[in-house]
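Okay, structure first, notes after.
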């Protein structure tokens, strides 16, 4: 069957090989943010493509992943008796901070919230939940 515009009947269909980065080009055209893989003496990392990507056949590309949200963990410190250490506690490398008490008798200060970075898994903050 002929696939040319003239319909001569003698043509052999030519199958085009898609561009090596066709999927990323289409995603970029649809508004996706694209990153390329970069290596130097400092190591390797993914870098945002500024403006229009070059689509080099020797470079690796990807759609920029959505950042992982922070993880929020609410907890309650518990005690076995009035003078016991809490199940969740802090320690210091130097002297104990002034005014620190090793037990909490006030229920308002037993609820704590931990925020953990969704990307790195590192603890970002700990706070007392009041109210």
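The values are calculated or read from the model by the stated rules, or taken from the named source; none is laboratory data. Quantities reported herein were computed from a predicted structural model and do not represent experimental measurements. So basically every Cβ, Gly included, is an ideal-geometry build from the backbone, and we count neighbours across all protein chains shown.
Could you check region 51-71 and list, in sequence order, the residues that are in a loop (DSSP other than H, G, I, E, B) and under 20 Å from the mean Cα position of the chain (by Cα)?
60, 64, 65, 66, 67, 68, 69, 70
Checking the condition part of a loop (DSSP other than H, G, I, E, B), at pLDDT below 90 and surrounded by 10 or more Cβ atoms within 10 Å (Cβ to Cβ), which residue from 98, 119 passes?
119
Could you give me the residue pairs with C-beta distances under 8 Å whose first residue belongs to region 40-61 and is more than 13 Å from residue 21 (Cβ to Cβ), whose second residue is part of a loop (DSSP other than H, G, I, E, B) wherever it lies, and which are 6+ apart or on separate chains?
Listed by first residue and then by second, the contacts come to 46/64; 48/33; 48/64.
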